[in-house]
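Asks: A single structure is presented below for examination.
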Amino acid sequence: QGEGGFRLLCPQFAKALRAICDQHGILLICDEIQSGFGRTGKRFGFSHLGIEPDLILLGKSIASGLPLAALVGRKELMDALPKGALGGTYSGNAVACAAALAVMDIMQDEALSEWGNAQEAAIVNAYQRWKASERFPMLGAMTGIGAMRGIVFEDTDNATGGEHLANLLAAGRDAGVLLMPSGRKRNVLRLLPPLTTEPDVMAEGLGLIEQALETLKA
């Protein structure tokens, strides 16, 4: 997911994997800790793949940042566990559980997908504008889906993509926005704003990124 640079799994591969698991009695587990709860424009990332997993890993957004994680699965799997068999560091946190219940209520009552779609539009539009301007030759492809996005930084005559991104992170920090690298070569800018980010704050952040881009030398 984020650390890999938001490289998408193709639906055909996911469906083939589901078929292999069904054929051999293997459980298919989807990690939705980062991609769940609307980050991709749908409630869960696997919804884009046309599959249904046996188990789902959840965390982070489930309690709006408070320490909580969850394992969700088919009834026959979850009922097979004896009481007390499933535990962890975050077990029994009453405040985090209360926060998660509040988050669930909000996610059922409000148009969750619209939040992610609006953020996706803001990020993609900014990226397309930067690319079209031809002022930033180090900008490569955009990766990801929904509001989970990455921007690949390519090598130029003066620096590698990783060096360009490192310089951007420093310039962004000086401008007032904290950014994160990702990808095997650490050359993918990782954009993953909280769904609660207000439109004016999103616009301000993207503006600061553009300001930082202006400092880079091709």
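The values are calculated or read from the model by the stated rules, or taken from the named source; none is laboratory data. Everything quoted here is computed from the prediction, not taken from an experiment. No Cβ is skipped: glycine too gets one built from the backbone with ideal geometry, and neighbour counts run over all protein chains shown.
Asks: Would it be correct to say that residue 124 is part of a helix (DSSP H, G or I), of a type outside the set (D, E, K, R) and assigned by TED's automatic domain parsing to the domain that holds residue 48?
Replies: Details: part of a helix (DSSP H, G or I): yes; of a type outside the set (D, E, K, R): yes; assigned by TED's automatic domain parsing to the domain that holds residue 48: no.
No.
Asks: Just wondering, is there one or more residues in the stretch 110-125 that are touching a strand residue (DSSP E or B) at 6+ places or on another chain (Cβ under 9 Å) and at pLDDT 95 or above?
Replies: yes
Asks: Please find, within the stretch 196-207, the residue that is farthest from residue 135 (Cα to Cα) out of those that are of a type outside the set (Val, Ile, Thr) and either surrounded by 18 or more Cβ atoms within 10 Å (Cβ to Cβ) or touching a Pro at 6+ places or on another chain (Cβ under 9 Å) (or both). Talk me through it step by step, then tell me what you get.
Replies: To start, the set of residues in the stretch 196-207 that are of a type outside the set (Val, Ile, Thr) comprises 198-200, 202-207.
Subsequent filtering for residues that are either surrounded by 18 or more Cβ atoms within 10 Å (Cβ to Cβ) or touching a Pro at 6+ places or on another chain (Cβ under 9 Å) (or both) retains 202, 205-206.
Details: 202: 22, 205: 19, 206: 16 Å.
Looking at the filtered set, the residue picked out is 202.
So that you can scan it fast, the table gives a plain yes or no per residue for (1) surrounded by fewer than 13 Cβ atoms within 10 Å (Cβ to Cβ); (2) assigned by TED's automatic domain parsing to the domain that holds residue 43; (3) closer than 18 Å to residue 29 by Cβ; (4) not acidic (Asp, Glu):
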| residue | (1), (2), (3), (4) |
| --- | --- |
| 63 | no, yes, no, yes |
| 70 | no, yes, yes, yes |
| 76 | yes, yes, yes, no |
| 80 | yes, yes, yes, yes |
| 96 | no, yes, no, yes |
| 99 | no, yes, no, yes |
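Asks: Identify, by number, the condition in (1) in a loop (DSSP other than H, G, I, E, B); (2) among the β-branched types (Val, Ile, Thr); (3) modelled with pLDDT of 90 or more that residue 95 doesn't meet.
Replies: (1)
Asks: Then there is this: Just to confirm my filter: which strands (runs of 3 or more DSSP E) fall fully inside the stretch 140-198 and include at least 1 residues that are of a type in the set (Lys, Arg) and touching a residue at least 12 places away in the same chain (Cβ under 8 Å)? Give the steps one after another, and end with the answer.
Replies: Numbers: elements: 148-153, 180-182, 188-191.
Correct list: 148-153, 188-191.
Asks: Can you go through 81, 101, 86 and tell me which one is free of Cβ contacts under 8 Å to residues at least 12 places away in the same chain and assigned to a loop (DSSP other than H, G, I, E, B)?
Replies: Values: 101 fails: assigned to a loop (DSSP other than H, G, I, E, B); 86 fails: free of Cβ contacts under 8 Å to residues at least 12 places away in the same chain.
None of the others qualify; the one that does is 81.
Table: residues versus (1) closer than 29 Å to residue 185 by Cβ; (2) modelled with pLDDT of 90 or more; (3) not aliphatic (A, V, I, L, M).
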site	(1), (2), (3)
16	yes, yes, no
25	no, yes, yes
32	yes, yes, yes
40	yes, no, yes
43	no, no, yes
54	no, yes, yes
58	no, yes, no
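Asks: Right, next: Within the stretch 129-158, take every residue that is polar (S, T, N, Q) and surrounded by 13 or more Cβ atoms within 10 Å (Cβ to Cβ) and give me the one that is farthest from residue 194 (Cα to Cα). Spell out how you get there, then give the answer.
Replies: Pass one, the stretch 129-158, residues polar (S, T, N, Q): 133, 143, 156, 158.
Now narrow it down to the ones that are surrounded by 13 or more Cβ atoms within 10 Å (Cβ to Cβ): 143, 156.
Values: 143: 18, 156: 32 Å.
The selected residue is 156.
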